[in-house]
Amino acid sequence: MALRLKTDWILFATIICVAFFGAVMVYSASSVMAELKYGSSYYFVLRQMFWVVAGVIILMIMKRTHYRKFQQPAVAFSAMSITLILLFLVYFMDGHQHRWIRLGPLGGIQPSELAKPALVIFLAFFIALRSRAINNKHTLLPAAMAVGLVAVGVVVADLGTAVVLMFTAGTIFYVAGLEFRYFAIAGVIAMCGVAYTVYQKPYRLRRLVEYVDKDYKLINKFDKTGIIRARIQNSFTTKDTNYQSEQAKIAVGVGGVTGQGITQGRQKLLYLPEAHTDEIYAVVGEELGLIGCAGVMIGFVLILWRGIRATILIPDEFGRYLALGITTMIVVQAFMNMTVVLGLAPTKGIPLPMISYGGSSLVSTMVSLGLLLNISEHAG
């Protein structure tokens, strides 16, 4: 007799509610700009609704696909290979931002978003295969190479996503039993890599410096030769690095407890950059207030709860690492976005999963959450 699985309705309902709430907020955040730029206030929301519907279909397909079908070398290595190829191609095809592979009227593909589920599937497969020898060099070297190659490919244009990937990989390795000394080595290498990439981009350097030392008192004290200040001034794009953060905090502050009302926010009216993408949480704060912000946070806390539950209850190692990786990846990205908007971290260009505008991000998230739903169902 075939085993009947019980849908995790809490997780499923949370995903659907957050995704459609995101479409509403995209319309509210983008309608004025869309009218001015494209002649239709529905320009962005219609595209977002297309991806929401497509994402729900993908979610249902992944939900009905047994997660163990992904526990195959062909799947794990193919996903990684395709991701690395796309990351290589995007560097040359998008010479300015290194983010998008354009597909004409269909929009584009953002390989850094596709890298997230690909890396999680690969690590879950590989670590489950080598779990009894997790601290062996024959396990560590291939895994470190995979994580390193993806991180390097992503960090060129998207430091925030690279941090999410490294944090997710570190969490999986920690639960798998990696020794502290290897964590220390990886941590030092990662910190050096982050420091280098921040220094390479003057706008990143200025964002970080002005977040921790707005008046340059510490910099002037320790940077006697003026190298850091000279580097910061090396690009005209660094002039207004705090503008986005300040406008986001104004929007959240104006919203108060109950907000100004849906579509009634003012900061999105050409004051708040990227209002419908990276800064959409600020629009939620202004229009729906503390209640709206708390509601979004509760949605991701529910995903965290159901993900941890699935991680604990699933009997096999592949399912455990896959559920853990997906949960960590989505929740960490969400809370990174929120902390940036609230001024608790330096500005980074990272979308709020399922809420920010963007097809690649939404599809990547729905693929991952569909797998998490399937694991949760098998966890009982």
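Quick rundown of the values:
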| quantity | calculated |
| --- | --- |
| Any hit, region 71-89, residues being under 27 Å from TYR203 (Cβ atoms) and either in contact with a strand residue (DSSP E or B) (Cβ under 6 Å, 6 or more places away or on another chain) or surrounded by fewer than 17 Cβ atoms within 10 Å (Cβ to Cβ) (or both) | yes |
| Test: LEU290 is hydrophobic (A, V, I, L, M, F, W, C), in a helix (DSSP H, G or I) and closer than 27 Å to TYR174 by Cβ | no |
| Residue check, ILE185 among the β-branched types (Val, Ile, Thr), free of Cβ contacts under 8 Å to residues at least 24 places away in the same chain and loosely packed, with under 14 Cβ neighbours inside 10 Å | yes |
| Search result, residues across region 253-291 that are out of contact with any Lys or Arg (no Cβ under 7 Å at 6 or more places or on another chain), hydrophobic (A, V, I, L, M, F, W, C) and crowded, with 23+ Cβ neighbours inside 10 Å | LEU272, ILE280, ALA282, VAL284, LEU288 |
| Which numbered condition SER40 fails, given (1) surrounded by fewer than 21 Cβ atoms within 10 Å (Cβ to Cβ); (2) of a type in the set (S, T, N, Q); (3) part of a helix (DSSP H, G or I) | (3) |
| Region 258-283 - residue that is under 18 Å from the mean Cα position of the chain (by Cα) and assigned to a helix (DSSP H, G or I) and, of those, nearest to LYS37 (Cα to Cα) | ILE280 |
| Evaluation of ASP240 against (1) surrounded by 13 or more Cβ atoms within 10 Å (Cβ to Cβ); (2) modelled with pLDDT under 75 (one fails), failing number | (1) |
| Condition check for MET336: within 19 Å of SER368 (Cβ to Cβ) and touching a helix residue (DSSP H, G or I) at 6+ places or on another chain (Cβ under 6 Å) | no |
| Residue within region 43-66 that is of a type in the set (Gly, Ala, Ser) and more than 23 Å from LEU288 (Cα to Cα) present | yes |
| Every residue from region 315-347 that is at pLDDT 95 or above, among the β-branched types (Val, Ile, Thr) and out of contact with any Gly (no Cβ under 9 Å at 6 or more places or on another chain) | VAL332 |
| Count of residues meeting criterion [in contact with a His (Cβ under 8 Å, 6 or more places away or on another chain) and either among the hydroxyl-bearing types (Ser, Thr, Tyr) or surrounded by fewer than 19 Cβ atoms within 10 Å (Cβ to Cβ) (or both)] in region 305-358 | 2 |
| Matching helices (runs of 4 or more DSSP H) fully within region 66-174 where at least 3 residues are over 30 Å from SER376 (Cβ atoms) and out of contact with any helix residue (DSSP H, G or I) (no Cβ under 6 Å at 6 or more places or on another chain) | 73-93, 137-155 |
| Residues of region 179-212 classified as over 17 Å from VAL155 (Cα atoms), at pLDDT 85 or above and not small (Gly, Ala, Ser), total | 6 |
| Odd one out for LEU302 among (1) surrounded by fewer than 21 Cβ atoms within 10 Å (Cβ to Cβ); (2) more than 23 Å from TYR67 (Cβ to Cβ); (3) in contact with a Leu (Cβ under 8 Å, 6 or more places away or on another chain) | (2) |
| Any chance PHE50 is among the aromatic types (Phe, Trp, Tyr), closer than 22 Å to TRP305 by Cα and either surrounded by 15 or more Cβ atoms within 10 Å (Cβ to Cβ) or out of contact with any strand residue (DSSP E or B) (no Cβ under 6 Å at 6 or more places or on another chain) (or both) | no |
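The values are calculated or read from the model by the stated rules, or taken from the named source; none is laboratory data. Here the structure is a predicted model, which means the values were calculated and not measured. Cβ: placed from backbone, ideal geometry, glycine included. Neighbour counts: every protein chain shown.
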